[in-house]
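One structure is given here, and the rest of the page talks about it.
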Amino acid sequence: MEKEETRVSLKGIKDSFSGCYDYTERRMSLGGEGGIEATVCFLDGLVSGEAIAREVIKPATNETRFGGVSLQSRAIELFMSGVVYSSTAKLCTGLNETIEYMLAGFCAVVFDKAGAAVTFEVKSPVGRAVTEPKEEKVIKGAKDVFVEILKTNTMLVRRKIKSSSLKFKQVYIGEQAKTMAVIVYMEDYTDMDLVIEMEKRLAKPQTDIVLSASSIEEYLEDRPKTPFPQMLRTERPDRFCMNILEGRVGLIVDGLPMGYLAPGTFSQFYKVPEDIANHFVVASIMNVMRYIALVITVLLPAFYVAVAMYHQEMLPTRLLLSIINSRQAVPFPAALEIIAMLAAFELLQEAGLRMPSTIGTTVSILGALIVGQAAVDAKVVSPIVVIVIALAGIAGYTVPDQDMSAALRVFRFLFVLAAIVGGLYGLVLAGVLLICHMCSIESFGISYMEPFSGDKWRDKLRAFLRLPVRSTKHLKPELDPERKEDESD
Amino acid sequence: MTENRIKRTAITMAVIMTVLLSGCSRLTIYSNYKEPDNIVVIRTIGIDYDNGKVSVTCCTGMGLDGEEPMTFTARGETLAEAVADMKNGYMRQEPIFSHTEHIIIGSEAADRGIGSVLDYVARDVQMRMSTNIFILKDGTAEEAITKCTGKTSSASDMLTSIKAEAPEAGEGYVFTGEDIMSALAGRGCALIQAVSLVDSPELSSENEEAKALEPDGFAVMREGYPASYTNEMQTVGILYLIGEMKSMMMDVKDSEENTVTLLMTREKMKFKPLERDGTTVGADISCDITLNVEEVGGPVQLYSDEERHILEKRCGELVLSQITAAIELSKSMNIDFCGIGKKVEQNSPYLFREIGERWETDYTDMEIGVTVHSKIERTYDIGDNVNLTGDGNTSGAE
């Protein structure tokens with residue numbers, strides 16, 4: 001038998017928030033002295049005291065509005081009909097419901113005898129302002145960024161897509177905290193199966209509260225064990241909207257300054273918002289260069305190891321002599337050199353992330369001096385290895401997505417190990433296994449390797465080239481629900 | 001669940017087997033593992049025949065930072081055995097032959113036939129088919145390599161220079177192992193660049209016995225054995241016929257017997273069947289050369305058509321004599337080592353069919369006509385009334 005929900009009462013609210021220093025009560029008489037008693041309950045810090053005073057208490061204590069009202073039910077009717085200035089008014093009869101609203105930044109006017117409360121949204125404006133993006137910088141393009149407040153984020157999206165078919169479907173995540181999130185999609189052409197699937201996956205998390213991205217990502221991804229990201233995460237509203245218009249489903253979570261997009265495909269992580277801002281020829285060339293950089297960052301250290309240790313005949317004579325010269329007196333084998341330098345590079349990178357900016361410069365100088373100059377002078381490493389690792393590292397920074405960049409760094413190590421064991425044979429074998437693995441990943445039913453795995457050459461070219469805007473449809477073929485129906489037929 | 005377990009088991013077994021298949025203590029699956037600082041790059045190999053054994057002398061060439069070249073010698077019953085002896089022998093580092101640019105064969109080893117050398121180059125996994133082959137006209141390859149190698153010089157660098165400069169100077173053309181093998185396989189004959197050891201005044205300052213290698217014509221190989229060596233005229237003629245004459249300086253006399261130096265800038269050879277009374281009787285070779293005047297030794301009237309025609313005619317005669325000398329040598333040996341027949345066949349396969357068989361067997365009796373047309377394209381004449389001789393006389397148009 002279901003337990004009947006407890007009716008709202010002042011005592012119930014007080015008991016629920018006992019021990020909470022931010023819980024505040026304010027008794028008032030509606031219509032002035034002698035009027036019906038009501039109590040405004042709120043959590044200080046979450047709400048704006050000024051807004052409560054101006055929008056709730058002031059009109060409520062006005063004799064003109066509430067003078068002569070003797071019944072709490074009548075007072076509640078007046079509250080719901082707009083006598084009080086607040087833009088939102090919700091009638092709550094249950095204690096839990098009232099507490100949820102209070103935790104969401106509402107104040108509750110409790111009518112104890114009636115066993116009801118009317119909640120008004122009076123959220124505190126305290127929160128981070130919309131600033132410039134830190135991770136996804138562009139030269140040409142909008143410079144606003146998502147913040148921690150859900151309403152601000154939805155406002156940013158709504159400003160860019162001024163269409164009534166843009167839908168925000170509210171969901172709650174987590175058993176205890178019930179973090180609010182919205183699923184964003186275009187009703188006209190987004191595949192509703194994606195929306196349903198997203199909702200289903202959001203019902204899974206058993207986490208009490210969503211404070212970090214990983215709390216939710218692992219529940220949404222099809223293959224959480226692979227290092228490859230399967231959902232695009234962006235801090236930029238313009239990039240978010242661009243993907244929504246392509247037919248993807250978005251997710252914005254209250255408290256996280258980012259938007260998620262599904263399904264995520266490999267090529268999507270290599271597109272930047274600046275591509276659409278630049279000329280299509282320039283954007284295409286830059287895109288191709290990013291893919292070349294991908295090959296360099298993953299394969300160059302392994303290729304050097306394979307060629308230097310096993311396949312010296314592949315190198316031009318002068319280059320081979322140069323490598324031999326540079327390795328004279330280096331005490332470590334080539335394999336150990338590469339692994340040590342890769343590890344040093346990763347350490348430098350981690351240190352750079354954690355260091356306060358005031359001493360970040362010092363770390364850079366130390367890194368360059370110690371790892372670069374001093375190590376080479378002391379013949380601990382050869383200069384050619386420093387160059388190889390530096391090139392691979394720089395190429396890695398061209399990856400637009402940080403999650404993808406991190407995944408590629410993992411595979412860089414694996415490729416080096418494969419090259420150490422098997423030379424070029426090992427490298428190619430590792431490459432084949434990686435491609436097989438990537439082809440086996442799906443994200444919300446779409447192959448991770450789209451559009452490379454598509455049938456048409458034009459679709460494959462889309463991954464590399466930015467076609468002129470006039471000749472492209474926004475909706476991506478792999479996300480077109482009509483195409484899915486044709487294929488299933 | 002079962003599927004996953006099977007997958008995991010299969011992957012684990014594959015990894016273990018891959019590692020175990022290596023048979024190597026270094027946990028690698030390749031036996032080709034070499035540390036870069038433990039290898040020495042051999043750039044030139046010299047091959048000799050010495051008292052019933054094959055002697056191999058290797059040279060590394062000058063290092064990038066001017067390091068002295070190193071030379072090593074090993075002996076064995078066969079070439080492969082000698083090389084293996086070198087690899088397994090006393091050397092601290094492992095020699096690799098994948099960057100060997102030149103092979104120089106001593107005269108005695110060449111006389112015994114180069115078949116085994118070419119066979120080794122073709123079969124060995126490290127050796128490249130694009131290795132340049134040289135024959136030393138006189139002496140041993142070991143002597144050539146050791147005497148040409150000093151603190152600031154090496155046989156490798158000398159041979160590299162010969163490869164680059166010989167065609168420009170009309171002194172030869174360096175063929176690779178691939179060229180020689182395909183020529184021997186196709187025509188039964190081939191040309192190999194011949195070199196000679198000469199005294200080197202520049203190098204003798206550091207070592208009295210130091211010598212240098214210079215190009216010295218071609219060695220004509222028949223069935224892998226040297227049949228003849230070419231002289232200077234024949235060498236130049238061969239370069240024309242094989243189409244490897246890049247540019248060449250020629251000294252001719254004008255009507256006043258002043259020496260004029262002409263630079264041949266372009267040459268175009270055409271090979272056609274020679275027909276008489278509707279029957280193909282041989283080959284007709286025409287050579288068109290373009291010349292620039294480089295230097296005049298006296299008051300040459302270059303603006304005069306007649307004078308230019310004299311120079312062109314004499315140049316043409318010189319080239320004709322060179323080409324004819326080469327053809328005569330090939331006919332005397334009954335070997336078409338310049339591939340004239342092949343070029344005629346490429347031009348006119350149907351007409352050549354009439355004499356195709358005879359060309360192989362009775363090459364000596366084939367009629368080969370040669371015509372040379374030469375034209376002075378530029379004189380770089382600087383104009384009238386300019387005294388070029390310094391004797392006070394004016395030259396130029398009157």
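Structure above, values below:
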| read-out | value |
| --- | --- |
| Contacts under 9 angstrom Cβ, first residue in the stretch A:449-466 being surrounded by fewer than 16 Cβ atoms within 10 Å (Cβ to Cβ), partner outside any loop (DSSP other than H, G, I, E, B), 6 or more apart | A:Lys456/A:Pro477 |
| Residue check, A:Ala419 under 24 Å from A:Gln230 (Cα atoms), touching a residue at least 40 places away in the same chain (Cβ under 8 Å) and not basic (Lys, Arg) | no |
| Members of the stretch A:329-345 found to be touching a Lys or Arg at 6+ places or on another chain (Cβ under 8 Å) and either more than 9 Å from chain B (Cβ to nearest Cβ) or in a loop (DSSP other than H, G, I, E, B) (or both), listed by number | A:Ala329, A:Val330, A:Pro331, A:Leu342 |
| Among the candidates B:Met62, B:Met70, residue that is under 24 Å from A:Leu320 (Cβ atoms) and in contact with a strand residue (DSSP E or B) (Cβ under 9 Å, 6 or more places away or on another chain) | B:Met70 |
| Strands (runs of 3 or more DSSP E) contained in the stretch B:27-106 and holding at least 3 residues within 9 Å of another protein chain (Cβ to nearest Cβ) and either touching a residue at least 12 places away in the same chain (Cβ under 8 Å) or crowded, with 17+ Cβ neighbours inside 10 Å (or both) | B:39-41 |
| Residue list for the stretch B:144-171, restricted to those being of a type in the set (Asp, Glu), in a helix (DSSP H, G or I), more than 14 Å from every other protein chain (Cβ to nearest Cβ) and touching a residue at least 60 places away in the same chain (Cβ under 8 Å) | B:Glu168 |
| Members of the stretch B:258-296 found to be assigned to a strand (DSSP E or B) and polar (S, T, N, Q), listed by number | B:Thr259, B:Thr261, B:Thr265, B:Thr279, B:Thr280, B:Ser286, B:Thr290, B:Asn292 |
| The stretch A:398-429: number of residues that are part of a helix (DSSP H, G or I) and either within 14 Å of another protein chain (Cβ to nearest Cβ) or among the polar types (S, T, N, Q) (or both) | 17 |
| Residues satisfying the stated conditions in the stretch B:313-356, i.e. within 23 Å of B:Asp288 (Cα to Cα) and in a loop (DSSP other than H, G, I, E, B) | B:Asp336, B:Phe337, B:Cys338, B:Gly339, B:Ser348 |
| Checking A:Gly426 against (1) buried (at least 21 other Cβ atoms within 10 Å of the Cβ); (2) over 27 Å from A:His311 (Cα atoms), the condition it does not meet | (2) |
| Selection from the stretch A:296-313 of residues that are free of Cβ contacts under 8 Å to residues at least 60 places away in the same chain and either aliphatic (A, V, I, L, M) or more than 14 Å from chain B (Cβ to nearest Cβ) (or both) | A:Ala308 |
| Filter pass, B:Met221 being within 22 Å of B:Val56 (Cβ to Cβ), surrounded by fewer than 22 Cβ atoms within 10 Å (Cβ to Cβ) and hydrophobic (A, V, I, L, M, F, W, C) | no |
| Residue among A:Phe42, A:Phe17 that alone is of a type outside the set (S, T, N, Q) and crowded, with 19+ Cβ neighbours inside 10 Å | A:Phe42 |
| Residue list for the stretch A:265-314, restricted to those being farther than 17 Å from A:Ala392 by Cα and of a type in the set (Val, Ile, Thr) | A:Thr265, A:Val272, A:Ile276, A:Val281, A:Val282, A:Ile285 |
| Residue under evaluation A:Glu478, criteria (1) surrounded by 18 or more Cβ atoms within 10 Å (Cβ to Cβ); (2) in a loop (DSSP other than H, G, I, E, B); (3) at pLDDT below 80, criterion not met | (2) |
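The values are calculated or read from the model by the stated rules, or taken from the named source; none is laboratory data. Owing to the predicted nature of the structure, the values given are computational and were not obtained by experimental measurement. As a convention, Cβ positions derive from the backbone with ideal geometry for all residues, glycine included, and neighbour counts pool all protein chains shown.
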